[in-house]
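Have a look at the structure below, then the notes.
Each value in this text was obtained by applying a stated rule to the coordinates, not by laboratory testing. Because the structure is a prediction, the values reported are computed rather than measured. Here the Cβ positions follow ideal geometry from the backbone for every residue, glycine too, while neighbour counts run over all protein chains shown.
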């Protein structure tokens, strides 16, 4: 619980601020994740583009193998996102997994965190399966080609982004600390209040 | 992107709507806001259980990511978000209210992951407020000052409690930037001065509440009412529950630290506090409350000695902040005008002497004040600036200070040094 604060009293008892409960959530984590998935889906890279990218310039046998891997990836995405979600959400999850694992050979802490942040708790076997699957998908492709492909798709979305505000601000993390006049042991104050005659 | 060299509030933009059809609309328009869904901030868990830490990290990473995104937005999109995204202002406000402060009770040390994301959010929140306090970001990106004033006031982007929170959370190492921010906010929207005037009585009420909780008399009508014979006796600092005593001390510590941080960073606010009689109320509060609370902390039995030690430190810290606040107020409302040679110097000098004289009955306060800011130094400054000052009066004052030292049984530090 938050300790009693002056500004808490001012928020409650004066009429100079908007009355709101800071702990009240307009959006919970589930809603936030869904919104995040929606935003991710709008960032330019789609499942269709990945399917096309993985199949183009390959002979039939390799195309067949890639197709199988893509199916496996979709299945793993389904397990991660939850079977109750529609095809669109599952394909979006598959895109995310492809992007997350395209340059990884195992599921590390960062990848686990990123998947959980996007979809919530998930079966680790599905993450392992998608990591292995993506590794096999990108193996026949030239080094750097996958990254270039993702970068190209993403840059279409990011054209609007400016440089971050405040990057040159010299910010200090210093916090106010207790600055007592004296320690308890060092106090030589009289125990009783001093009555003074005038 | 909106067009250049025209204030944002007058810009129009053409963009394709949801139907794909192009349309022109004001640059500041709710349809241009992104549905980002900012989540409110939650402080790091106190007991540090893995599940709670994980939940904190998840929340915190969303906030860090969203604020990073926000700060990278172009000027027009940033302001659309600020004005029309309710979840953003709620997220920022939740941080101001719930973020741990340097003065909070010591908790378990944060794990590296928690500390890391906490630092990221701390900086991002400050930069967001900095950007929101800036009406002119560059030659091309600006808002008409009067419109900026209306936007931040009408949408509660800033309000007095938020400004106080900003000072106490970020003021230690960013006082210059904060000063510029707050100065700009008050300059572009003078209604904040009226809000401040409205807030000071509530601040004074906080001190009265502390006195009342300690069973001590406070100024005002209710204090003068006779107590009914069958009325239950008000608990005192010695008899109240230990948790209540701890809460009172924490409250006092937070209140005095917050007021001091604010006035130190934005001295222009001193006149509002001064006009509500803060310079007489604070010393009398000090005189009434401090000895009782100190005695309770020292004499009561604490199972947890570290709590006793901590409460003592907070009490002592509060005393320092009350003394420093009094000095700040005296300096900015009376001494500064004299030293700057403003008109009516005599009136300011008279007021200063009047305040010092009013402190004479508040012996404990007077001694603590004189210990930190020797009154003889200020008198000496006064005599240099105004040689016509009444010597009998200053002598009386200095003798009063000496007798307060004698009456409290304390000795000046330098006297102790000389006698040893």
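Can you tell me what percent of all Cα-Cα pairs in chain B are more than 40 Å apart? Across chain B, Cα pairs with separations above 40 Å total 32 percent.
Spacing of the modelled spin labels on residue B:49 and residue B:303, each 7 Å from Cα toward Cβ, amounts to 2.1 nm. When the helices of chain B are scored as -39500 (n - 2.57) per DSSP H run of n ≥ 4 and the total is divided over every residue, the value at 222 nm lands at -21500 deg cm²/dmol. Please state the shape class of the range B:1-140: rounded when a/c is under 1.5, otherwise prolate if a/b exceeds b/c and oblate if not, all from the C-alpha gyration tensor. Prolate shape, in that a/c is at least 1.5 and a/b is the bigger ratio. Volume per residue for the range A:29-153 equals 98 cubic angstrom (convex hull of Cα atoms).
Per-residue extension of 0.36 nm, minus the Cα-Cα distance of residue A:103 and residue A:28, leaves a gain of 23.8 nm for this segment.
Relative to the compact-globule estimate of 2.2 N^0.38 Å, the Cα radius of gyration of the range B:329-420 comes out at 1.13. A simple packing score, the average count of other Cβ atoms within 10 Å per residue, orders the peptides B:373-385, B:315-327 as B:315-327, B:373-385, with the highest score first. Going from the residue with the fewest nearby Cβ atoms within 10 Å to the one with the most, B:179, B:75 rank B:179, B:75.
Spin-label pair residue B:398-residue A:169: with each label point 7 Å from Cα along the Cα-Cβ axis, the two points sit 4.8 nm from one another. As an exercise, use a Förster radius of 41 Å and the Cβ-Cβ distance of residue B:84 and residue A:48 to find the FRET efficiency, rounded to the nearest 0.05. Calculated value: 0.80. Taken along the Cα-to-beta-carbon direction at a fixed 7 Å, the label points for residue B:407 and residue B:19 span 8.2 nm. Each 10 Å bin from 0 upward holds the following percent of the Cα-Cα pairs of the protein assembly as shown: 3, 13, 20, 20, 16, 11, 8, 5, 2, 1, 0. The alpha carbon centroids of the range B:50-120 and the range B:152-211 are separated by 21 Å. Computed from the Cβ-Cβ distance with R0 of 41 Å, the FRET efficiency linking residue B:115 to residue B:268 stands at 0.70. Footprinting exposure proxy ranking of B:63, A:150, fewest other C-beta atoms within 10 angstrom first, gives A:150, B:63. When each of B:125, B:53 is scored by the number of other beta-carbon atoms lying within 10 Å, the sequence from fewest to most is B:53, B:125. The mean number of Cβ atoms from other chains found within 10 Å of a Cβ in peptide B:38-46 is 3, as a whole number.
Just so you know, the Rg over Rh for the range B:12-65 is 1.32, from Cα atoms, with Rh as the Kirkwood radius.
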